[in-house]
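Here's the structure, in structure tokens; my notes come after.
The values are calculated or read from the model by the stated rules, or taken from the named source; none is laboratory data. Just so it is clear, the structure is predicted and the values come from calculations on it, not from any experiment. Note: ideal-geometry Cβ built from the backbone for every residue, glycine included; neighbour counts use all protein chains shown. Heads up: the accessible areas ignore ligands, DNA and RNA and are worked out on the full protein's heavy atoms, side chains in. Shrake-Rupley method; radii C 1.70, N 1.55, O 1.52, S 1.80 Å.
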Amino acid sequence: CLTPMTRQQSARSEGLKAYEAGYRYEAHRKLWFDMASFYNVYDHLSSVAPGKTFFQQEPAPHVVAPLYFGNIVRGETYGTGVAASYKAASSLSLKGSYSLLRLALHGSNVGLLSESREGQSPRHQVYIGSFLDLPKSFEISGHVYIVGSLPSFQTPAYTRLDLNVGWKGLENVELMLAGQNLLGSHLEFGDVSTPANVIKRSLYAKIVWRF
């Protein structure tokens, strides 16, 4: 059998240098854009490096596979986000956003670790939403989410559609009926072999009473 063995080296605090820049432009009262970019530099990130396996006789013959903890990983994350909002009519509003995230890790003996961490966050994400006010205090909204894949979890990219119908006919009471994942089941994390990770269609109602 393989028995993992670990060794805790002197831990160091992880370091971060963050750079951000953004710009917001309001064309007129009905339309605005917002863009922000970032670049982060990390030092002394926690790491787990495999050591050379060896054989031991006690307490029973077994193979030891050592794992050494340390702070030998460094890396960068960078990306950008863009958002926009448009008041198409007095009763109709449109919103959308897009985000890009890139992660790169470096360090000796961290090849597998780097690939795993780099694949734990979606690289691309898109959101599109519409909001419509209807007569008699009713409102309806639709939301589309497009999320990139997660290679580390073997999770494919997916598209999600939500629809909400609400009523605000009374000052202190709000009713809402919402449908989520209307395009079908999908994974948000984990792998296909784990059914508990599958997000299915759902329908729920909400009543809010403010007093």
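With a sphere of radius 15 Å drawn around the Cβ of TRP209, what net charge do the other residues whose Cβ falls strictly inside it have (Lys, Arg +1; Asp, Glu -1)?
+1
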message: If you scale each eigenvalue of the Cα gyration tensor by 5 and take the root, what three semi-axes come out for the stretch 1-104, rounded to whole angstrom and sorted largest first?
response: 53, 17, 8
field: Expected 222 nm ellipticity per residue - DSSP helices of 4 or more, -39500 (n - 2.57), all of the chain, to 500
entry: -1000 deg cm²/dmol
- prompt: Simple spin-label model, 7 Å along Cα-to-Cβ: ILE146 to SER202 in nm?
  reply: 2.5 nm
message: For the ranges 181-187, 203-209, what's the packing order if you count other beta-carbon atoms within 10 Å of each residue, average per peptide, and put the highest first?
response: 181-187, 203-209
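Keeping every protein chain present and rolling a 1.4 Å probe, give me the accessible area per residue for the chain in Å².
I get 68 Å² per residue for this part.
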query: Share of Cα-Cα pairs in the chain beyond 31 Å, in percent?
result: 47 percent
query: Quick one: Cα centre-to-centre distance for the stretch 125-144 and the stretch 23-80, in angstrom?
result: 37 Å
task: Just subtract the alpha-carbon distance of LYS30 and GLU188 from 0.36 nm times their residue separation and send over the number in nm, one decimal.
output: 53.4 nm
query: Got a number for carbon plus sulfur as a percent of the chain's accessible area, 1.4 Å probe?
result: 59 percent
